[in-house]
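What follows is a set of notes on a single structure, which appears directly below.
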Amino acid sequence: MNIQLYIKNLIINYIEDYKNFSNCRTDWEEPIVGFADATDPLFFKLKEKIDKSHKLPTELLNKAKTVISYFIPFNKKIILSNTKGKIASKEWAIAYVETNKLMLKLNTFLRRELKKEAIDSVKIPDELNFDEKKLISSWSQKHIAYIAGLGKFGLHKMLITEKGCCGRLGSLITSAQIEPTKRLEQEYCLYFHNKSCTKCIENCFYDILTLKSFERHKCYNICLENSQIYSHLGIADVCGKCACGLPCSHTNPVKKITK
Ligand code: SF4
Ligand code: SF4
């Protein structure tokens, strides 16, 4: 069995089915999937660089061999909806809430399917997701995705994948030995490639994101304001203005110009 293909297909097919059986309003593009060696030295670097509370895969699953990381891109209409005005669009807020629900169910499904193949996996404990005081996570999905070869960081501090940066990242730690995905040398952000773009900075109404800095706490306060507006939808502490309507919103713009 080609285990990489098997897992990719499980994820792709589950999301396709979910669109039909879940009554959700969000539409997603086909996800992309990467695999990281659970002992990759970059996991140790995360502890040093982000916070010593950041977990190693083996701290969460004793026999961890591979971390599966996936990116679920939002449909272009959702991205377009969030290009106007200062407040996050309702479609963007709904997509965030509904994708979080989808990922919980997807991971439960994956764990069940992998168990049938004698592969163990672990649910990431909720308390590792986001520390509202430190504004960091002890299991940073975007850094995990970077290690798993899903993309590179952009000037806006988000991960740019082959399908852009607008979507949600999830992961699962498993005991399966799977060939890791190679990380590419090339940048995915036009600014880091040839300084030809700073559009994400121009899109931040609040000057929170600049060439030299990113004021994480101020950004989170904007997200909390949106969360208040959309509290009837669930937890939607989002903004995303610096992710939408950009060359990197739904594609890898460097690949586009270097093909
Ligand atoms: S908008 Fe331009 S500068 Fe900003 S992350 Fe995307 S490609 Fe990079
Ligand atoms: S999420 Fe919103 S507030 Fe935060 S940096 Fe991006 S545009 Fe600015």
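The values are calculated or read from the model by the stated rules, or taken from the named source; none is laboratory data. Model, not experiment: these values are computed from the prediction. Positions of Cβ are generated from backbone atoms using ideal geometry, with glycine treated the same way; all protein chains shown enter the neighbour counts.
A few points about this structure:
- Filtering segment 142-165 to residues that are in contact with a Leu (Cβ under 9 Å, 6 or more places away or on another chain) and within 16 Å of ligand 2 (Cβ to nearest atom) leaves 142, 153, 154, 155, 156, 157, 159, 164, 165.
- Some residue of segment 64-73 being surrounded by fewer than 16 Cβ atoms within 10 Å (Cβ to Cβ) and at pLDDT 95 or above: no
- Test for residue 218: is it basic (Lys, Arg), within 12 Å of ligand 2 (Cβ to nearest atom), surrounded by fewer than 20 Cβ atoms within 10 Å (Cβ to Cβ) and farther than 12 Å from residue 157 by Cα: yes
- Residue tally, condition in contact (Cβ under 8 Å) with a residue 40 or more places away in the chain and either more than 24 Å from residue 18 (Cα to Cα) or within 14 Å of the chain's Cα centre (by Cα) (or both), over segment 106-119: 0
- Checked against the criterion of being loosely packed, with under 13 Cβ neighbours inside 10 Å, near ligand 1 (Cβ under 9 Å from one of its atoms), farther than 26 Å from residue 55 by Cβ and of a type in the set (D, E, K, R), the candidates 202, 187 yield just one match: 202.
- Exclusive hit being out of contact with any strand residue (DSSP E or B) (no Cβ under 8 Å at 6 or more places or on another chain) and assigned to a helix (DSSP H, G or I), set 63, 52, 47: 47
- Summed over segment 74-84, the residues that are buried (at least 19 other Cβ atoms within 10 Å of the Cβ) and touching a strand residue (DSSP E or B) at 6+ places or on another chain (Cβ under 7 Å) give a count of 1.
- Within segment 85-105, being buried (at least 16 other Cβ atoms within 10 Å of the Cβ), in contact (Cβ under 8 Å) with a residue 60 or more places away in the chain and not in a helix (DSSP H, G or I) holds for 87, 88.
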